[in-house]
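Student: Before anything else, here's the structure in question.
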Amino acid sequence: MRSPVIAGALLFATAGAALAATPEAGTLSADNPSLSYSSGPFAGANPSLQQDPLNPQCLLPVNQCDDFALLLDAPADYVSRHPRDLISVISQWPFNQAAYYLYLLDSSGAVIASSITDADPNGLSAPAAPGSYTVRIVPSVAAGDLLVTTVSLISDQTAPAAGKPPGFTAYAPEGLGDNTGGEMNIGFNPATGRVMTLAYTQTLRTTFAADGSATWEDVSEPNTQINTNDPILFTDPQTGRTFVSQLQAGTPGNSIFYYTDNDGDSWTLSPLTTDGGIDHQTVGGGPYSAGAGAGPSGSYPNAVYYCSQSIVVAFCIRSDDGGATFGVPVITKTVADCDGFLGGIHGHVKVAPDGTVYIPDRNCGGVQAVIVSENSGVSFEMRRLPATATAGPNDSSLGIASDGTGYLCYLSADGHAHVAVTHDKGLTWSNDRDVSYAAGVVHAVFPVAVAGDPDRAACGFLGTSTAQGNYQATSFEGIWFPYVATTYDGGNSWHTVNATPGDPVQGTGGICLGGTTCIENRNLLDFNDMTLDDKGRVLFGYDDGCTGDCLLPPHTPNQVCIPTGGINDICLNSVAKTSIIRQSDGRTLFAAFDSPAAPPPVTPPPAPVVTSPGDQAPGSGFLLGGLGMYLLLPLLGIALVRR
């Protein structure tokens, strides 16, 4: 059965189309579900990518490609019996700054799947239909690397979810949170029932009434509204204290840091005298670890952690007095911890009920990982997931249940959203499930996670069903929606729903994940956030990049941009509107509130009430300040890579 594949490979070779892989061909089957081959080294980038990255030219010696002939040997009715199985292609290489595009061609030579991003590793997937294929690798930035590519037949192990899926309602304020710049943070104060959000420079307070209506208030501390390079908000779910950090060069510790015990009615400044790092900070908190020899130095009961990174190293600083002062930095990750992979970027720090500290890491030597401390931040250990949990383009997120069970929501190299479960603090993992593909999502971004009872968790992400094209490019024609996947059986089965099916979160134009290298479509920046209220209802904080004429129907493309002369040009219908998705019916993540004791459904909200206590600094001030830092750092000899 290999002869059709070899013939196909010879057809490409006779045209001088591509280099040959080593080996040149292989067969996938149920008995042989995975194979690997090597490619390269390549002499340089393929220049035809500049003209048509969807269909590059492969004519030696200038337009180099590498082709591998693939046969999926399976019965003719395989697709009908296994409709969610996938052909997965993952390529990895040793040099961090190189980039290689992937293509999967059918037997006629037509491209049926592609991944034309600079992700490292890079991956794609396609429905597992029997037949002949060609896996094509095209160098975008070559560095003389030898690539290793793994091709797998992925069997979908996700069990059909039983029961009714949860429902959701979207909320957005009128007159507030307009084009706030992306990177939504959300917290819930159990003492007051209020929701706190931060989107770039604007801190908002939301009060939900029993009838489902929402009152929004601007409670921003003026100094946190001037400008920023990274906005972070964290509300301690035990104490209700909310912390806000705005990364700012030239300030003490490179961070403007405040906290409030009354949901923003007043704020307390905390000068971060220890160097807080230059990029991608995160704040979290929770109990101290038993036996760690650490504890509070004042009345505030929990430890507070400020974690950040400086390109080649990452670290955390602990506060024992509720964020008023901080100790000395403790290294959490170095290049050596991840096989020489350059990158200190990590996700948001979370603290388990027993005091274990977790920091998700999207790429440690090509796989997902969590950085763990079991002694209240005195030391940290890197714990990797299995090799099948491939590195992805966005920070992963860990939801921690009441018994310490961890649910890691991450993006695999092919862009699908997955959730893996650990019961022993990241030492072993189980129930790794693709929670996006069953809902038709082929590209996902900004994964977020939260958990309640031991067997209940939720994973949120933005997703599109459009497979063709570069999903990060302004030319991408896909439409994006917010999705929520929920499990009630420990991660074995999942309900995945489009939370706002009539309201896209981003129209055509893609979502760029390249940090400051993005030009026009980075309006949503780098992440969203998720938390729970006191009834276990999911609160998904996100920035809506598709408002006004961008709503469906009809859909208006958003490829006309307003030039601001900088890296954060604002695209029409690609703004960043503060928004909250709130669970409105169905089982929550706390079984105690299941029917008949379940909270009543949330009715569709009336027009929101908006108040603004006092004049605030202009919300657009971050553009100049943020750009100033990024322009200044190269002059100081600091290379800032923000992903």
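The values are calculated or read from the model by the stated rules, or taken from the named source; none is laboratory data. Not measured: the values here are computed from a predicted model. Please note: Cβ atoms are built from the backbone with ideal geometry, for glycine as well, and neighbour counts cover all protein chains shown. What goes into the accessible areas is simple: the full protein's heavy atoms, side chains included, and nothing from ligands, DNA or RNA. Shrake-Rupley method; radii C 1.70, N 1.55, O 1.52, S 1.80 Å.
Student: Which residue pairs have Cβ atoms under 8 Å apart, sit 6 or more places apart or on different chains, and have a first residue in segment 186-204 that is farther than 23 Å from Thr228 by Cβ and touching a residue at least 24 places away in the same chain (Cβ under 8 Å) and a second that is among the polar types (S, T, N, Q) and not in a strand (DSSP E or B)?
Tutor: Cβ pairs passing all conditions: Pro190/Gln238.
Residue-by-condition table, conditions (1) open to solvent by less than 20 Å² (accessible area, probe 1.4 Å); (2) under 28 Å from Gly175 (Cα atoms):
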position: Ala451; (1), (2): yes, no
position: Thr466; (1), (2): no, no
position: Phe476; (1), (2): yes, no
position: Ile479; (1), (2): no, yes
position: Thr517; (1), (2): no, no
position: Asn521; (1), (2): yes, yes
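Student: On to the next question. For segment 100-118, name all the residues that are over 19 Å from Ser38 (Cβ atoms) and among the small types (Gly, Ala, Ser).
Tutor: Of everything in segment 100-118, those that are over 19 Å from Ser38 (Cβ atoms) and among the small types (Gly, Ala, Ser) turn out to be Ser107, Ser108, Gly109, Ala110, Ala113, Ser114.
Student: Being touching a helix residue (DSSP H, G or I) at 6+ places or on another chain (Cβ under 9 Å), in contact (Cβ under 8 Å) with a residue 12 or more places away in the chain and farther than 30 Å from Ile226 by Cα: is that true of Thr150 here?
Tutor: no
Student: Would you please name the residue that is farthest from Ser80 (Cα to Cα), looking only at residues in segment 99-144 that are under 22 Å from the mean Cα position of the chain (by Cα) and among the hydroxyl-bearing types (Ser, Thr, Tyr)?
Tutor: Once the filter is applied, the top-ranked residue is Tyr100.
Student: Could you check segment 87-110 and list, in sequence order, the residues that are touching a Leu at 6+ places or on another chain (Cβ under 9 Å) and open to solvent by 40 Å² or more (accessible area, probe 1.4 Å)?
Tutor: Across segment 87-110, the qualifying residues are Gln92, Pro94, Gln97.
Student: Checking the structure you have, find out if any residue of segment 521-540 is in contact (Cβ under 8 Å) with a residue 60 or more places away in the chain, in a strand (DSSP E or B) and farther than 26 Å from Lys350 by Cβ. Give the steps one after another, and end with the answer.
Tutor: Keep residues of segment 521-540 that are in contact (Cβ under 8 Å) with a residue 60 or more places away in the chain, which gives 522-540.
If we keep only those that are in a strand (DSSP E or B) as well, we get 529-532, 538-540.
Add one more test, that the residue is farther than 26 Å from Lys350 by Cβ, and what stays is none.
No, because not a single residue in segment 521-540 is in contact (Cβ under 8 Å) with a residue 60 or more places away in the chain, in a strand (DSSP E or B) and farther than 26 Å from Lys350 by Cβ.
Student: Here's another thing I want to ask about it. Filter segment 418-445 for residues that are touching a residue at least 60 places away in the same chain (Cβ under 8 Å), open to solvent by 30 Å² or more (accessible area, probe 1.4 Å) and polar (S, T, N, Q) and give the result.
Tutor: Ser430, Asn431
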